[in-house]
1. Can you tell me how many residues within the stretch B:111-138 are touching a residue at least 24 places away in the same chain (Cβ under 8 Å) and part of a helix (DSSP H, G or I)?
2. Give the residue that is farthest from the other protein chains (Cβ to nearest Cβ), with candidates limited to residues of the stretch A:26-67 that are β-branched (Val, Ile, Thr), over 30 Å from residue A:106 (Cβ atoms) and under 22 Å from the mean Cα position of the chain (by Cα).
3. Filter the stretch B:249-285 down to the residues that are part of a helix (DSSP H, G or I) and more than 33 Å from the chain's Cα centre (by Cα) and list them by number.
4. State the number of residues belonging to the stretch A:210-229 that are without any contact (Cβ under 8 Å) to a residue 40 or more places away in the chain, in contact with a Phe, Trp or Tyr (Cβ under 8 Å, 6 or more places away or on another chain) and over 10 Å from residue A:196 (Cα atoms).
5. Please find, among B:138, B:104, B:81, the residue that is among the small types (Gly, Ala, Ser), facing another protein chain (nearest Cβ under 9 Å) and in contact with a Leu (Cβ under 6 Å, 6 or more places away or on another chain).
6. Only residues that are part of a helix (DSSP H, G or I) and farther than 26 Å from residue A:178 by Cβ: list them for the stretch A:103-130, please.
7. Quick check on the stretch A:75-90. Is at least one of its residues within 14 Å of another protein chain (Cβ to nearest Cβ) and among the small types (Gly, Ala, Ser)?
8. Looking only at the stretch A:130-153, count how many residues are under 20 Å from residue A:30 (Cα atoms) and over 14 Å from the mean Cα position of the chain (by Cα).
Amino acid sequence: MSAAFVAPRFNARAVWAIYRFELARFLRTVGQSLLTPVITTSLYFVVFGAAIGSRMGEIDGVSYGAFIVPGLIMLSVLTESINNAAFGIYFPRWTGTSYELLSAPISPFEIVCGYVGAAATKSIILGLVILATASLFVPLHIAHPLWMLGFLVLTALTFCLFGFIIGIWAQSWEQLQVIPMLVITPLTFLGGAFYSINMLPGIWKTVALFNPIVYLVSGFRWSFYGNADVAVAVSLAATFGFFAVCLSVVWWIFRTGYRLKQ
Amino acid sequence: MTAILQISNLSKTYASGLQALKPVNLDIQRGEIFALLGPNGAGKTTLISVICGLVRATTGSVLVDGHDIQRDYRSARSLIGLVPQELATEMFETPLATAAFSRGLFGRPPDPALIERVLRGLTLWDKRKDRIQTLSGGMKRRVMIAKALAHEPRVLFLDEPTAGVDVELRRDMWALVRELRDAGVTIILTTHYIEEAEEMADRIGVINKGELILVEEKSRLMAKLGSKTLTLQLQDPLALLPPELAQWQLTLKDSGHVLEYRFDTNAEENGIPGLLRRLHELGIGFRDLNTEQSSLEDIFVSLTGKRAEAAA
């Protein structure tokens, strides 16, 4: 046994252990993890893209079926990021195995890196799978692929952080579901996934600008088709802003031990 | 050599106002088996939880091999393995995966040979690829021990390791603890079974109502526990103890109606036959006699009772 073991300054092995452990869980259930969103997305395309979309005109020079692709990807990435990250940290709290996280020589930052990193990886894979599925239904054109990836990664990270917060806040399985169901889903549907907010009448257009999802969808759609509801810089700033807010909350959680330590 | 664990003035008051731990000072020596003995809710788990990082201390400090558990938590925690009381396992994982995960979590490089040794030592090797949820309760507890041992801790905390465990597993657990001690691991275990402390420990700390009321070598505590009292109900009251009985250090109670004799059950000669013979010679008759073993509870009562008197 090694008495001279010196603890590293950054416990990269711990981050890697959490990351691998979480991804292994994802891979065990890869079928249902990916199949469900793929089927859901396909249904959206059948209904909105083919059935309804064929009767709708182009929006900003893009066919309706293609127009909804970025919004649909965002919809799934947002929801799955929150669900994955919230479940990832809630599950060990629920089973009681979180004792090991608290007793291990790891910093809060490393815990977040492991859990949020793994959850974000899943979401990004999911986003890309939906993109591939979409390309089977509509001709896709991605104007700025790097920006597209950038928005995807940033959104996944931000909402995984948000999910992580929910996973720590939740005291029951019901609470775990309530924010995604009550807040995120409506915001996403009202966030311009299926329409341009320019199509909204008068006051509603202003109201929509208070919805953070609008900025994500708008920026993401810009990376595909080069036109956006709001300026790309504003989209980027809003996303970063939300990212910073989530990061501060996580920092506060670990500083105070909220719901983790007595 | 300095103590491997130095606990100074450590206390915990929960947000609810409950003082679970009154200021504790305790040194744990390298390589010893220390048993924390106390009734349920005495503060055993709180003490362990503070040292292991699950609960924040209200006051005081803990040094693990010289490393402060707050300022230098990485080094301190690297040395510690914890097996909590509650069964908590990653249900859908395998023992092999979960033990390897634990090792990684503690920042150690992968070592499949070591993980195999640990799992074999706990008779988990055959089940290494089974889902943990399919294992029995005893096996799940072994999995938790395997996780705690996977990073080769120098100090191992076992919180009620044998609570709700069958006899066979209890024996295995005791054997395992001795093996670990032989390998130089310091072990702190909590229990509310006096037999367990007796079987395993080098030293015993008695904790009650959040207060560490006694820390003693096992042999000395057992001597206290091993004392019995012989009570004789006399036929005729005695005004004074006859000098012929001085060697037994008797006490006269109940206005001379009762004679009490404390003796050590561990001693070869308990002195009873001699005492009875002498009483007969002196013509002191008795109507009834009985003996009573002092129990852990008596010790609690006498210790806590004294505290209460001192405070009054």
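The values are calculated or read from the model by the stated rules, or taken from the named source; none is laboratory data. Everything quoted here is computed from the prediction, not taken from an experiment. For neighbour counting, all protein chains shown are included, and Cβ atoms are generated from backbone atoms with ideal geometry for every residue, glycine included.
1. Final tally of qualifying residues: 10.
2. First, the residues of the stretch A:26-67 that are β-branched (Val, Ile, Thr): A:29-30, A:36, A:38-41, A:46-47, A:52, A:59, A:62.
Restricting the remaining residues to those that are over 30 Å from residue A:106 (Cβ atoms) gives A:36, A:38-41, A:46-47, A:52, A:59, A:62.
Retained after the next criterion (residues that are under 22 Å from the mean Cα position of the chain (by Cα)): A:36, A:38-41.
Numbers: A:36: 19, A:38: 23, A:39: 24, A:40: 25, A:41: 27 Å.
So, considering only residues that are β-branched (Val, Ile, Thr), over 30 Å from residue A:106 (Cβ atoms) and under 22 Å from the mean Cα position of the chain (by Cα), the one farthest from the other protein chains (Cβ to nearest Cβ) is A:41.
3. Start the filter on the stretch B:249-285 by keeping residues that are part of a helix (DSSP H, G or I), which leaves B:272-282.
Matches in the stretch B:249-285: B:273, B:274, B:275, B:276, B:277, B:278, B:279, B:280, B:281, B:282.
4. If we filter the stretch A:210-229 for residues that are without any contact (Cβ under 8 Å) to a residue 40 or more places away in the chain, which is where we start, we get A:210-212, A:214-215, A:218, A:228-229.
Narrowing further to those that are in contact with a Phe, Trp or Tyr (Cβ under 8 Å, 6 or more places away or on another chain): A:212, A:228.
If we keep only those that are over 10 Å from residue A:196 (Cα atoms) too, we end up with A:212.
Going through the stretch A:210-229 one residue at a time, the tally reaches 1.
5. Values: B:138 fails: facing another protein chain (nearest Cβ under 9 Å); B:104 fails: in contact with a Leu (Cβ under 6 Å, 6 or more places away or on another chain).
Answer to the check: B:81.
6. Correct list: A:103, A:109, A:110, A:113, A:125, A:128, A:129.
7. Quick first cut of the stretch A:75-90, residues within 14 Å of another protein chain (Cβ to nearest Cβ) only: A:87-90.
Next, from what is left, pick out any that are among the small types (Gly, Ala, Ser): A:88.
Yes, the stretch A:75-90 contains at least one residue that is within 14 Å of another protein chain (Cβ to nearest Cβ) and among the small types (Gly, Ala, Ser).
8. 4
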